[in-house]
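S.K.: Starting off with a structure, shown below.
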Amino acid sequence: MRKAFGAAVAVENLDLRIESGEFVSLLGPSGCGKTTSLRMLAGLEVPTSGTIRIGDRVVNDIAPGKRDIAMVFQSYALYPHMTVAQNIEYPLKKRRIPNPERGPKVAAVAKLLHLEDYLARKPRQLSGGQQQRVALGRALVRDPAVFLLDEPLSNLDAKLRAHMRAELIELHQRIGRTMVYVTHDQLEAMTMSDRIAVLANGRLQQLDTPAMIYRRPANRFVAGFIGTPSMNLIKGHFELGRFVAGDWQLPLDGLDLDEPTSEVTLGIRPEDILIGAAGQPARVKLVEPTGHEAIIQFEIAGHDLTGRVGAEITLRAGEPVALSFRTTNLHLFAGDDGRRLNKEV
Amino acid sequence: MRRSSLAGRIAFNLLAWTLVLLVAFPLIWMILTSVKPQTELFRIPPSFWPTEITFEHYRRLLVETPFLTYMRNSIFLALGTTLLVITLATLGAHSLVRFRYPGRERLAQLVLFTYLLPSVVLIIPLYLLMVKIGISNTLWSLILAYTTFALPYALWLLRSFMAGIPEDLEAAALVDGASRMEAFIDVILPQALPGIISTALFTAILAWNEYLYALVLVNTDSARPLTTGVMTMLISAFNIEWSLLMAASVMMSLPLIVAFAFLQKYLTRGFGAGGVKG
């Protein structure tokens, strides 16, 4: 599937197969084409080339309303002049569902989302979280085959967001419908998804489970994008079984490479940096305690590394330490295109 | 502090009321003159308050002249023009705001450009056009002519209103199963209603007060609106029927005043809210 706006290509060669009942997130930085992809799925944008199937049906030429999908918008897009009940009822009305059947459906959805007390109100009289639930209710009431969610939580405050995240997971488990979720928040993607599609510059970078995306990033972009604090990425070269970057050398015995390349980027997750009695000499530059752990900036042979240690270890800035690395968890990426060089297990 | 602000307020009010009186004086004079007996009109020095109130002029106007025909024509013109302009402008503005097609911006500018042309230069071509399509000297020709200058203005006004309506609303309606037209009627129109009402009011006022086109394009009594009708009927080279003219003026103003009274809040919103996000 491809989508171009004039000369600007928003989505290039996106080939995505989502299983029925699956929760898939489209994750990427802003402008990566995730929302455009979702809007193409919804039928609000027309792909420049390629086909979109929902079930066995090619839906390219089918109007949004006839695709058996529901969508929740980032702005919620509640109809301001209608009450909550009318908002939820609207999709039923447009599907020519007879009046007597609509009432019970609206009531059931309102009950599910705890909106019973607000049915007569207008959207502007509701809080952000309530508006969010009405938007969900409008999608739920039709019982569609696919739910499309476009950053539905991004307008909520942090606490409410965590709460709605849990509610969405529970909802997905209960109704078992396919959900496609667009977000730029990796926490949302990691916690909610069965699988994540990481997008950048309109291209699919990796499609995998959250665990695999974290443990085996397919390229340098995914490696740097997923994880907080992000993975340490150090440019250097690979020779005689060692990684060399300036004055720093690291033997990489445990790594099994597909193709030995000389120019490489080494990736180290913060938690794979270990402090011990033995190891390479380094210095603590900065300590940021977060309560249950601390983020540490190390300096090792002229390179900065970010580490993560438990709160039980107390370190002071300037202190010398000895560092070792979990060699099996290290990542090597090609210097030219950033593809992963480690052999897949 | 309080004292000076009180004095300031008094001065401000005085100034404001002076201005209001200045602006309103012709209107007050018009109403007073329309109820003065003929004998009192040219008295020197002129009397401000009528010594005797008479509605004779109104009676003569309604019974002895074709005033009511003109009135009917004017109402027909105002309603017809407004209906046509609003129908075209809401759909057109929506298209200019929402649909992507080549030359969309150029088209919008072109529309404005036609509005910048002085209407005088369009009269002759328009007249020839009306003759060609066989509707010259009818009310329809005036509706069409008024549309040529009301539509560009309405389009631009409504365009800014429509641009303030979030795009997602329409997208949501489409996903919810509405057709393009249904989404427009169910979601866009209610949101644009204040804009539509104020645009309609502007258009109606334009049509109600128009004089030049009506003078040139129509020359039968049966198709004359109030503006030109009253002028040709009451003002001749030898005589101006002042009392009838004033009575006619009062009655011409009434529909607008009533409309303003009811729709004022939309009208002011129309002036101010064009660019405000909804």
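S.K.: Can you list which of the trypsin sites (Lys or Arg not before Pro) found in segment B:45-152 are DSSP loop residues with at most 14 other C-beta atoms within 10 Å?
M.R.: Working: sites: B:Arg59, B:Arg60, B:Arg72, B:Arg98, B:Arg100, B:Arg104, B:Arg106, B:Lys132; in loops: B:Arg100.
Sparse-neighbourhood loop trypsin sites (Lys or Arg not before Pro): B:Arg100.
S.K.: Name the residue farthest towards the positive end of the dipole of chain A from the options A:Gln130, A:Met82, A:Ser20, assuming +1 on Cβ of Lys and Arg, -1 on Cβ of Asp and Glu, about the Cα centre.
M.R.: Going by the charge dipole, the pick is A:Met82.
S.K.: Another one. For the charge dipole of the protein assembly as shown, defined by +1 on Lys and Arg C-beta atoms and -1 on Asp and Glu C-beta atoms about the Cα centroid, which residue among B:Tyr127, B:Val85, A:Phe225 has the Cα displaced farthest towards the positive pole?
M.R.: B:Tyr127
S.K.: While we're on this one: Counting only heavy atoms of the protein chains, get the accessible area per residue of segment B:2-54 (1.4 Å probe) and round it to a whole Å² value. It would help to have the intermediate numbers written out before the result.
M.R.: Details: 4380 Å² over 53 residues.
For segment B:2-54, the per-residue accessible area is 83 Å².
S.K.: Which net charge results for the neighbourhood of A:His303, defined as the other residues with beta-carbon distances under 13 angstrom from its beta-carbon, given Lys and Arg at +1 and Asp and Glu at -1? Could you put the intermediate results ahead of the total?
M.R.: On the way: positive: A:Lys235, A:Arg283, A:Lys285; negative: A:Asp247, A:Glu299, A:Asp304.
Charge balance near A:His303 sits at 0.
S.K.: Rounded, prolate or oblate for segment A:1-104? Axes are the square roots of the Cα gyration tensor eigenvalues, ordered a ≥ b ≥ c, and the cut-off for rounded is a/c under 1.5. Display every interim value, and only then the final one.
M.R.: Values: a/c = 2.19, a/b = 1.75, b/c = 1.25.
Prolate, because a/c is 1.5 or more and a/b exceeds b/c.
S.K.: Additional query: Of A:Lys235/A:Lys343; A:Lys34/A:Lys111; A:Lys66/B:Lys265; A:Lys34/A:Lys66; A:Lys66/A:Lys122; A:Lys93/B:Lys265, which sit over 30 Å apart, Cα to Cα?
M.R.: Values: A:Lys235/A:Lys343 19 Å; A:Lys34/A:Lys111 32 Å; A:Lys66/B:Lys265 40 Å; A:Lys34/A:Lys66 22 Å; A:Lys66/A:Lys122 28 Å; A:Lys93/B:Lys265 33 Å.
Exceeds cut-off: A:Lys34/A:Lys111; A:Lys66/B:Lys265; A:Lys93/B:Lys265.
S.K.: When the distances between all Cα atoms of segment A:164-224 are binned every 5 Å from zero, what whole-number percent does each bin get?
M.R.: The distribution over segment A:164-224 is 4, 17, 28, 24, 13, 10, 4, 0, given as percents.
S.K.: First select every other residue whose beta carbon is under 13 angstrom from the beta carbon of A:His163; then total the charges, Lys and Arg +1, Asp and Glu -1.
M.R.: Values: positive: A:Arg133, A:Lys159, A:Arg161, A:Arg165; negative: A:Asp157, A:Glu167, A:Glu170, A:Glu188.
Surrounding charge for A:His163 is 0.
S.K.: While we're looking at this one, here's another question. Which log10 I(q)/I(0) values, to two decimals, does segment A:244-333 give at q = 0.10, 0.12, 0.24 Å⁻¹ under the Debye formula with one point per Cα?
M.R.: The Cα Debye sum returns log10 ratios of -0.27, -0.38, -1.30.
S.K.: Let me spell out the model: positive unit charges on the Cβ of Lys and Arg, negative unit charges on the Cβ of Asp and Glu, origin at the Cα centre of segment A:221-334. What dipole size does that give, in debye rounded to 20? Working shown, then result.
M.R.: On the way: 8 positive and 15 negative charges, 62 e Å.
Charge dipole of segment A:221-334: 300 debye, to the nearest 20.
S.K.: Continuing with the same structure: Please report Rg over Rh for the protein assembly as shown, where both radii come from the alpha carbon positions and Rh follows the Kirkwood definition. Walk me through the numbers before you get to the answer.
M.R.: Details: Rg = 36.5 Å, Rh = 31.1 Å.
That ratio is 1.17, to two decimals.
S.K.: For chain B, return all DSSP H helices satisfying: extent of Cα atoms along own axis at least 15 Å; mean Kyte-Doolittle hydropathy at least 0.0.
M.R.: Qualifying helices: B:2-34, B:67-98, B:104-116, B:119-132, B:139-163, B:189-209, B:242-272.
S.K.: Taking both sides together, what accessible area is buried at the A/B interface, probe 1.4 Å, expressed in Å² and rounded to the nearest 100? Mind dumping the intermediate values first?
M.R.: Details: alone 16770 and 16490 Å², together 31610 Å².
Separately minus together, A and B give about 1600 Å² buried.
S.K.: Also, I was wondering about something else. Quick one: putting +1 on the C-beta of Lys and Arg, -1 on the C-beta of Asp and Glu, what dipole do you get for the protein assembly as shown around its Cα centre, in Debye to the nearest 20?
M.R.: Details: 62 positive and 54 negative charges, 359 e Å.
I would put it at about 1720 debye.
S.K.: I'd like the accessible area for B:Ile235, computed on protein heavy atoms only with a 1.4 Å probe and all protein chains in place. Round to 10 Å², please.
M.R.: 60
S.K.: If you don't mind, there's one more thing I want to ask. Share of the protein assembly as shown's accessible area from carbon and sulfur, percent, 1.4 Å? Please list the in-between numbers first.
M.R.: On the way: 19220 of 31610 Å².
On the protein assembly as shown, the fraction of accessible area on carbon and sulfur atoms equals 61 percent.
S.K.: Return one whole number: the accessible area per residue of chain A in Å², for a 1.4 Å probe.
M.R.: Values: 16000 Å² over 345 residues.
Per-residue value: 46 Å².
S.K.: So, one more: How would you order A:204-215, A:312-323 from highest to lowest mean count of nearby Cβ atoms within 10 Å? Spell out each step's value before the answer.
M.R.: Details: A:204-215: 18.2, A:312-323: 12.1.
The densest-packed peptide leads the list: A:204-215, A:312-323.
S.K.: Shifting gears a bit: Can you give the direction-averaged projected area of the convex hull of the alpha-carbon atoms in chain B, in nm²?
M.R.: Numbers: hull surface 89.2 nm².
The directionally averaged projection comes out at 22.3 nm².
S.K.: Report the trypsin sites (Lys or Arg not before Pro) located in segment A:60-148 that are in a DSSP loop and have at most 12 other Cβ atoms inside 10 Å of their Cβ, or state none.
M.R.: Values: sites: A:Lys66, A:Arg67, A:Lys93, A:Lys94, A:Arg95, A:Arg96, A:Arg102, A:Lys105, A:Lys111, A:Arg121, A:Arg124, A:Arg133, A:Arg138, A:Arg142; in loops: A:Arg67, A:Arg95, A:Arg96, A:Arg121, A:Arg142.
Taking segment A:60-148 and a limit of 12 other Cβ atoms within 10 Å, the loop trypsin sites (Lys or Arg not before Pro) found are A:Arg96.
S.K.: Let me ask something additional. Around A:Thr183, under 13 Å between beta carbons, what's the net of Lys plus Arg minus Asp minus Glu among the other residues? Please list the in-between numbers first.
M.R.: Values: positive: A:Lys34, A:Arg161, A:Arg165; negative: A:Asp150, A:Glu151, A:Asp185, A:Glu188.
Once all neighbours under 13 Å are counted, the net charge is -1.
S.K.: Between A:Ala166 and A:Lys122, how many nm apart are label points set 7 Å from Cα along the C-beta direction?
M.R.: Modelled inter-label distance: 3.4 nm.
S.K.: Note the full-extension length gain between A:Ser324 and A:Ser30 as 0.36 nm times their separation in residues minus their Cα-Cα distance, in nm to one decimal. Can you show the working numbers first?
M.R.: On the way: separation 294, 0.36 × 294 = 105.84 nm, distance 3.60 nm.
Net length gain for the segment: 102.2 nm.
S.K.: A further question follows. Find the percent of Cα-Cα distances in segment B:1-61 that exceed 20 Å, and round it to a whole number. Spell out each step's value before the answer.
M.R.: Values: 894 of 1830 pairs.
Of the Cα pairs, 49 percent sit more than 20 Å apart.
S.K.: Here is a further query. Sum -39500 (n - 2.57) across every DSSP H segment of at least 4 residues in chain B, then divide by the residue count to get the 222 nm mean residue ellipticity, nearest 500. Please list the in-between numbers first.
M.R.: Values: 13 runs with 210 residues, N = 278.
It lands at -25000 deg cm²/dmol.
S.K.: Considering only DSSP beta bridges whose two residues both sit in the protein assembly as shown, what percent are antiparallel, to the nearest 5?
M.R.: Details: 54 of 72 bridges.
Around 75 percent of the beta bridges assigned by DSSP in the protein assembly as shown are antiparallel ones.
S.K.: Considering only B:Thr54, B:Ile10, B:Leu41, whose Cα is most displaced toward the positive end of the charge dipole of segment B:1-66, charges sitting on Cβ of Lys, Arg (+1) and Asp, Glu (-1)?
M.R.: B:Ile10
S.K.: Okay, next question. Across peptide A:70-80, what mean number of C-beta atoms from other chains lies inside 10 Å of a residue's C-beta? Please report the intermediate quantities before stating the final value.
M.R.: On the way: counts 4, 6, 2, 7, 1, 6, 4, 11, 3, 8, 7.
That works out to 5 on average.
S.K.: Follow-up question, since we're still on this one. If you count, for every residue in A:43-53, the Cβ atoms of partner chains within 10 Å of its Cβ, what is the mean?
M.R.: On the way: counts 3, 7, 1, 0, 0, 0, 0, 0, 0, 0, 0.
Average neighbour count from other chains, rounded to a whole number: 1.
S.K.: A follow-up question, please. Out of segment B:173-267, which chymotrypsin sites (Phe, Trp or Tyr not before Pro) are coil in DSSP terms and have no more than 14 other C-beta atoms within 10 Å?
M.R.: Details: sites: B:Phe184, B:Phe202, B:Trp208, B:Tyr211, B:Tyr213, B:Phe238, B:Trp242, B:Phe260, B:Phe262, B:Tyr266; in loops: B:Tyr211, B:Phe238.
When the chymotrypsin sites (Phe, Trp or Tyr not before Pro) of segment B:173-267 are filtered for loop state and at most 14 Cβ neighbours within 10 Å, B:Tyr211, B:Phe238 remain.
S.K.: OK, next. Per residue of chain A, what 222 nm ellipticity follows from adding -39500 (n - 2.57) for every DSSP H run with n ≥ 4, rounded to the nearest 500? Walk me through the intermediate numbers first.
M.R.: Values: 8 runs with 84 residues, N = 345.
-7500 deg cm²/dmol, from helical runs alone.
S.K.: State whether chain A is rounded, prolate or oblate according to the following rule on the C-alpha gyration tensor (a ≥ b ≥ c being the square roots of its eigenvalues): a/c under 1.5 gives rounded; otherwise a/b larger than b/c gives prolate, and the remaining case gives oblate.
M.R.: Numbers: a/c = 3.13, a/b = 1.87, b/c = 1.68.
The shape class here is prolate.
S.K.: Across peptide B:176-184, what mean number of C-beta atoms from other chains lies inside 10 Å of a residue's C-beta? Present the calculation step by step, with values, prior to reporting the outcome.
M.R.: Working: counts 17, 16, 8, 4, 1, 0, 3, 3, 0.
That works out to 6 on average.
S.K.: For the pair A:Leu257 and B:Ile257, what calculated FRET efficiency results from E = 1/(1 + (r/R0)^6), where r is the Cβ-Cβ distance and R0 = 60 Å, to the nearest 0.05? If you can, show how the numbers build up before the last one.
M.R.: Values: r = 87 Å, r/R0 = 1.45.
Rounded to the nearest 0.05, the efficiency is 0.10.
S.K.: Given a Förster distance of 35 Å, report the FRET efficiency between A:Asn155 and B:Gln264 from their Cβ-Cβ distance, rounded to the nearest 0.05.
M.R.: Working: r = 35 Å, r/R0 = 1.01.
About 0.50, to the nearest 0.05.
S.K.: Relative contact order for chain A: what is it in percent, counting Cα pairs under 8 Å that are at least 6 residues apart?
M.R.: Values: 661 pairs, mean separation 56.2, N = 345.
So the answer I get is 16 percent.
S.K.: Using Cα pairs closer than 8 Å and at least 6 residues apart in sequence, work out the relative contact order for segment A:221-334, in percent. Write down the numbers at each step before the final one.
M.R.: On the way: 235 pairs, mean separation 32.6, N = 114.
Here the relative contact order equals 29 percent.
S.K.: Could you list, bin by bin from short to long, the percent of Cα-Cα pairs of segment A:266-312 in 10 Å steps?
M.R.: Taking all Cα pairs of segment A:266-312, the binned fractions are 26, 60, 14 percent.
S.K.: Output ³J(HN,Hα) for segment A:319-335: one whole-Hz value per residue in order, computed from phi by the Karplus curve 6.51 cos²θ - 1.76 cosθ + 1.60 with θ = phi - 60°, and x for Gly and Pro.
M.R.: The phi angles translate into 5, x, 9, 10, 10, 10, 10, 6, 4, 6, 9, 7, 10, 10, 10, 5, x Hz.
S.K.: Mind running the shape call on segment A:194-345? Use the C-alpha gyration tensor, a ≥ b ≥ c as the square roots of the eigenvalues: rounded below 1.5 for a/c, prolate if a/b tops b/c, oblate otherwise. Each step should come with its number before you reach the end.
M.R.: Details: a/c = 2.07, a/b = 1.31, b/c = 1.58.
Since a/c reaches 1.5 but b/c is at least a/b, the shape of segment A:194-345 is classed as oblate.
The values are calculated or read from the model by the stated rules, or taken from the named source; none is laboratory data. All figures in this text were calculated on a predicted structure; none of them were measured in a lab. Note: ideal-geometry Cβ built from the backbone for every residue, glycine included; neighbour counts use all protein chains shown. Areas reflect the complete protein model, heavy atoms only, side chains present, ligands, DNA and RNA absent. Shrake-Rupley method; radii C 1.70, N 1.55, O 1.52, S 1.80 Å.
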